[in-house]
Amino acid sequence: MHKYYSGLGIGVSAKSLHQQNVVVDVVEYDAAVVHSALNYFDLPNDLNAIHISDGRHFIFNTTSTYDYVIHDIFSNGFISPHLFSVQVLQQIKRILRPDGVFAMNFVAFNDDKHTLCSIKNTLLTAFKNVRLYTESLDKGDSKEQKTVKNIVFFASDLPVKFDFPQEVLAGHSIRSRMLQSLAKNELLLDGCTAGPTGSSDNSVGAVINDGDFGVFNKYTVDVAVNHWYIMRNVFPTEFWMDY
């Protein structure tokens, strides 16, 4: 099994898959992230490959094929719009095997239908089936309590189904808890109409193309501000004084 992973972070997912004998190719833009994962977070140094590269450049130029392609590219309240277009998804489809699955972690508000529908409809230009799940369906009772969530999109030409072994679901690890709650946290996005090509269109679900990333304009500001407030609560004031 061969997996391509874009956006290393501290390497938790890459390490876990490597331990399960999955052949892992990592693409990470920032060499400092790779250095930290290897030296401070026990990322194995014998992964199949670690590429210091822009994810889009790698996708367009690689000749490798994969069973899974995974994007986790949210960083400091910001996403890279150039990795969400029809043109990129067509290249991801090219490097996936016929029964392959594309999974993408996206950070957003559960009720941001405009952005989520655009991403779903853009995925549907390349794949026959798309499903998405949020870490929690709780939207918050007020504007002050509203927080962004990790929302994972799964896309494939085959039906997207899950069959987890009982030993994976058992226990109290973060992985077990998240998988146990997966089914009840599916976002169905009812009324997610297929909007016209061009993300500058105001209709819900406009398809995203290269050079037209208007769908992310408001999203980027709202999410970045919310993420900043979350981080202010995670780290003490002393941290921010020296930031």
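The values are calculated or read from the model by the stated rules, or taken from the named source; none is laboratory data. Everything numeric here is computed off the predicted structure, so don't read it as measured data. In this analysis, Cβ positions are derived from the backbone assuming ideal geometry, glycine residues included, and neighbour counts consider all displayed protein chains.
A few points about this structure:
- Matching residues in the stretch 1-35 - criterion: being over 15 Å from ASN105 (Cα atoms), surrounded by 23 or more Cβ atoms within 10 Å (Cβ to Cβ) and small (Gly, Ala, Ser): none
- Matching residues in the stretch 203-243 - criterion: being surrounded by fewer than 17 Cβ atoms within 10 Å (Cβ to Cβ), in contact with a Ser or Thr (Cβ under 8 Å, 6 or more places away or on another chain) and small (Gly, Ala, Ser): SER203, GLY214
- Selection of the stretch 92-111 for residues being outside any strand (DSSP E or B) and either in contact with a helix residue (DSSP H, G or I) (Cβ under 9 Å, 6 or more places away or on another chain) or at positive phi (or both) yields ILE92, ARG94, ILE95, PHE109, ASN110.
- Subset of the stretch 36-65 [out of contact with any Gly (no Cβ under 6 Å at 6 or more places or on another chain), buried (at least 20 other Cβ atoms within 10 Å of the Cβ) and more than 24 Å from ASP99 (Cα to Cα)]: ILE50
- Test: LEU89 is surrounded by fewer than 18 Cβ atoms within 10 Å (Cβ to Cβ), part of a helix (DSSP H, G or I) and out of contact with any Lys or Arg (no Cβ under 7 Å at 6 or more places or on another chain): no
- Test: ARG56 is in a helix (DSSP H, G or I), among the charged types (D, E, K, R) and either closer than 27 Å to TRP228 by Cβ or modelled with pLDDT of 90 or more (or both): yes
So that you can scan it fast, the table gives a plain yes or no per residue for (1) assigned to a strand (DSSP E or B); (2) over 25 Å from ASP210 (Cβ atoms); (3) within 19 Å of the chain's Cα centre (by Cα):
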position	(1), (2), (3)
ILE10	no, yes, yes
SER13	no, yes, yes
LEU17	no, yes, yes
ALA32	no, yes, no
LEU43	no, yes, no
LEU47	no, yes, no
PHE60	no, no, yes
VAL69	yes, no, yes
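- Residues satisfying the criterion are present in the stretch 61-82 (criterion: without any contact (Cβ under 8 Å) to a residue 12 or more places away in the chain and over 25 Å from LEU132 (Cβ atoms)).
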